[in-house]
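One structure is given below, encoded as C-alpha cells.
The values are calculated or read from the model by the stated rules, or taken from the named source; none is laboratory data. None of these values were measured; they are calculated from a predicted model. Cβ atoms come from the backbone with ideal geometry, glycine included; neighbour counts cover every protein chain shown. Ligands, DNA and RNA are stripped out before the accessible areas are found, and what is left, the full protein with its side chains, is counted by its heavy atoms. Shrake-Rupley method; radii C 1.70, N 1.55, O 1.52, S 1.80 Å.
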Amino acid sequence: MSFLDLKNVTKIYPNGTKAVHETSLSVDEGEFMVFVGPSGCGKSTLLRMVAGLEDITEGDINLDGKLINEIDPSERDVAMVFQNYALYPHMNVYNNLAYGLKNRGIDKETIEQKVNDAAKLLQISDYLQRKPSMLSGGQRQRVAMGRAIVRNPKIFLFDEPLSNLDAKLRIQMRLEIKKLQQKVGVTSIFVTHDQVEAMTLADRLAVINNGIIEQLGTPIEIYDNPKSLFVAGFIGSPQMNFLDGNIKNKTLSAEGFEIKDIDSDFEGEVKLGIRPEHLSQRENSLINLKVDLVEQLGSDNLVYGRLKDKKDFCYRCPGNLTIEKGADLSLNIENNKYYIFDKSTGKRVN
Amino acid sequence: MKIKPLQIIAHIILILGVLLMVVPIWISFASSSHDSVTILTEGMKFHIGDQLARNYNEVLNEKGGWSEEVTAAKMFINSFIMALGIATLKVVISAMSAYALVYYRFKLAVPIFWLIFITLLVPLEVRIFPSYKIVSDLGLTNSYTGLILPLVASATATFFFRQFYKTIPDELLESAKLDGANAWSFFIDFLVPLSKTMIAAMFIFMFVYGYSQYLWPLIMTTAEEYWTVVMGMKIIYTESYEGVALPRTAERFAYIILSMIPPVLVVVFLQKWFIKGLIQTEK
Ligand SMILES: Nc1ncnc2c1ncn2[C@@H]1O[C@H](COP(=O)(O)OP(=O)(O)OP(=O)(O)O)[C@@H](O)[C@H]1O
Ligand SMILES: [Mg+2]
C-alpha cells in the first residue's frame, strides 16, 4: 500500500450531484501529485475528502497505513492551502502560524522555534507582527504556505492557491512552491485548472473530467501519449487541432488528405488530433493551410488559419520564420506524431 | 480650506442637536446644586450653586422607604447588578445560540430560529403574570437571580449574531478545523474576537435595557433592599411630600443626575472597542 491510497471513492452530494465516481488513486510518499481538470469536474471535492472536509459517500481513503474515512479533519494531520488563503484575520502572522501548534499542546519555546524557522524559509520574518490585512497577495500566499509547513503534516493539500495572484507572481510562486516541496519533501496534492501550472509542478498528474480520472501519469507521458480525446484537448497549449475523419482498411481519410498504413485496426468515424508544434513546412505535404492570423510570441509564432473546408487550424513555428497573412502553407506532420480517437467513445485507437 | 454653506448648515443642525441633548442635562445638574427653596422660588438654574456636596451626600446616604433603611446608593448598586447580569448573560447566551444555529446544521435549525424570533412579539410586559408565577414558584422573588433570569434570553441579539456569523467564510472554519480547533475553541478563538465590536454594541444596548427596567422589578421585589433606581425615582418623588413641607426638588435633580452615571460609564468604557472595530475592518 502506498502512502495515500484512494479506493473506489465516490462522492454524491446531498442534493444528488455525483461529483466523484469510483476513483482509485495512489500517491507515494514525497510525491507531488497534481489534479487538473475543467471547472466543476470534482477536483476540489476529491481533495476535500482527503482533508476530511467532505464525507466520503463510498470507498476508502488510507493515509500512512491508516483508514481515515471516519477520522475528524483535526486529527488527520493534513494541512491545506485554500484559494483565498483563509488566513485568520484577527491574528497576526505569528499567531496564524502558531495556532495549529498551540492546539497540539506544544510548548512555547518549540513553537517559537518552529514559527521562526518556517518564517525564515518563506521570507516572511519581517511581517510576523502584522495582521493579514496589511499584507500583499504574495505575502498572504506565503503565510498560508507557512501555516501548512510549520506543522510538518503528513500531506499538503493545495486548492488552486495561485489563482488569485497576477500572472507574473503566479509564475514566481509556482516555482517557489515546487522548490519548497522538494526541500521539505512532504507529500503534496495540488489542484488546478491551469494545465501549464499542472505540467510544471507535477511529479505525476491526474487529469480529471466529470468526476473520473481520465488519465494518470507523468506530465510528459500525458503530453506524449494522451489516452482520450479529452486529455489530448486539455493538455497542451495551444490546444491540439482536431479533424473529423474516417478509417477504412488502415487508411484514414480526413478533410482533404489521406494517411495510409496507420497503426490501428479500428474502422469507422474518428477524430484525428495533431499538435500545433508537431507540424513543419514542406513542399507538397498533406495539409494545406490558408493563413488568417499570426501571433508573434518572440520565440514562437502561432499561425492560425483554415484548411480547405474552413476548419480552424493552428500551426506553431519558430519565431524567426516570417509568415504573411493570406499565405498558403503546406504542412507536414513530423515523425508521424498524430493521434486518432474513436469519435463515439473518445478513446485513443492508434 | 473654504467652508461651504452646506457645511455650515450641517454644523448648525448638529450643534442644535447637541444642545437639545445636553442643555436639559446641564439644567438638571446645575439645579441639583442649589437648595430646593431657591429652585422653587426662582425656577431652574443655569449656574452652579453652593449646595452640590450637601445634596448629593443626602441623596446617596439618606435612608428611606417604609423600613427607613434603603438608600439611593443601594438602589444604584442593585440596578447596576441587574443590568450587568442581564447584559452579560444576554450577550453570552445569544452568541452561543447563534453559534449553534449557524454552525450545527441540524434539521430544526431554521424552525428553531423562527421560534426564537417570534418571541420578539411577546416582551416581558405581555407575559408578566406567567413569568411572575414561575419565578415565585421557584422561590426567586426578592433575589438578584429573580430580577435577572427572566430577561436573559434575547431574540434581537441572537438575530444579529446569527447574521454576523453567516458572513464569516466557511474556509475559516475549515482551516481552523485542520489546525486542530474543536467546536469550543473555534467559538472562543475565532467567533468571539471577530465579533467583539458586535459584542460591545450588544452589551451597551442590553445594559441600558436592563437598567431601565421598571415593571418587572416593581412586581418582583417586596423587600426594599432589592429596589432599583427607576423604582426609586417614583418613590423619592412621592415620598418628599410626606411630613416635609417643601418638595425636595434639588435632591430629585441630584438623583436623576446620579442615575445617569452607570449607563454613561458603560458607554464610555466600551466605546473604545466599538470605534476600534469600526475603523479596522478585519474580515
Ligand atoms: N456542497 C455541494 N453541494 C452540491 N453540489 C456540490 C457541492 N460542492 C460542489 N458541488 C458540485 O460538485 C461538482 C464538483 O465540484 P468541485 O467543487 O469539486 O469542482 P472543481 O473541480 O473544484 O471546480 P473548480 O475548478 O471550479 O473549483 C460540481 O458539479 C459542483 O456543482
Ligand atoms: Mg475547486
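For this structure, a couple of remarks:
- Figure legend. Inter-residue proximity from region A:138-159: first residues away from chain B (no Cβ under 11 Å) and farther than 18 Å from A:THR192 by Cα, second residues hydroxyl-bearing (Ser, Thr, Tyr) and open to solvent by less than 10 Å² (accessible area, probe 1.4 Å), beta-carbon distance below 9 Å, spacing 6+ or different chains. Indicated pairs: A:LYS154/A:THR187.
- At least 3 residues being within 16 Å of ligand 1 (Cβ to nearest atom) and within 21 Å of B:GLU174 (Cα to Cα) is the threshold, and among the strands (runs of 3 or more DSSP E) wholly inside region A:105-221 those reaching it are A:155-159, A:187-192.
- Some residue of region B:139-147 being within 14 Å of chain A (Cβ to nearest Cβ) and in a loop (DSSP other than H, G, I, E, B): no
- Criterion (of a type in the set (Phe, Trp, Tyr), in a helix (DSSP H, G or I), more than 30 Å from B:ILE256 (Cβ to Cβ) and at pLDDT below 90) met by exactly one of B:PHE205, B:PHE164, B:PHE117: B:PHE117
- Residues in region B:168-211 that are touching a His at 6+ places or on another chain (Cβ under 9 Å) and either facing chain A (nearest Cβ under 7 Å) or open to solvent by less than 30 Å² (accessible area, probe 1.4 Å) (or both): B:PHE190, B:PRO193, B:LEU194.
- Set side by side, the residues A:PHE3, A:PHE32 differ, and just one is within 13 Å of A:VAL191 (Cβ to Cβ) and either surrounded by fewer than 14 Cβ atoms within 10 Å (Cβ to Cβ) or away from ligand 2 (no atom under 16 Å from the Cβ) (or both), which is A:PHE32.
- Candidates A:SER26, A:SER74, A:SER44, filtered to the one that is more than 16 Å from ligand 1 (Cβ to nearest atom), under 23 Å from A:MET145 (Cβ atoms) and hydroxyl-bearing (Ser, Thr, Tyr): A:SER74
- So B:GLY232, is it more than 14 Å from every other protein chain (Cβ to nearest Cβ), at pLDDT 90 or above and buried (at least 19 other Cβ atoms within 10 Å of the Cβ): no
- Among the residues listed as A:GLY42, A:GLY37, A:GLY65, the single one being open to solvent by 20 Å² or more (accessible area, probe 1.4 Å) and either touching a residue at least 60 places away in the same chain (Cβ under 8 Å) or within 14 Å of ligand 2 (Cβ to nearest atom) (or both): A:GLY65
- Put simply, of A:SER188, A:SER253, A:SER264 the only residue that is among the hydroxyl-bearing types (Ser, Thr, Tyr), open to solvent by less than 20 Å² (accessible area, probe 1.4 Å) and over 18 Å from the mean Cα position of the chain (by Cα) is A:SER264.
- Matching residues in region A:222-242 - criterion: being part of a loop (DSSP other than H, G, I, E, B) and among the polar types (S, T, N, Q): A:ASN225, A:SER237, A:GLN239
- Of all residues in region A:6-17 being within 16 Å of ligand 2 (Cβ to nearest atom) and either surrounded by fewer than 18 Cβ atoms within 10 Å (Cβ to Cβ) or among the polar types (S, T, N, Q) (or both), the one that is farthest from A:ILE68 (Cα to Cα): A:THR17
- Check on A:LYS11, free of Cβ contacts under 8 Å to residues at least 12 places away in the same chain and of a type in the set (D, E, K, R): no
- Within region B:184-207, residues that are closer than 17 Å to B:ILE275 by Cβ and of a type in the set (D, E, K, R) have Cβ atoms under 7 Å from residues that are open to solvent by 30 Å² or more (accessible area, probe 1.4 Å) and assigned to a helix (DSSP H, G or I) in these pairs: B:LYS196/B:TRP273, counting only partners at least 6 apart in sequence or on another chain.
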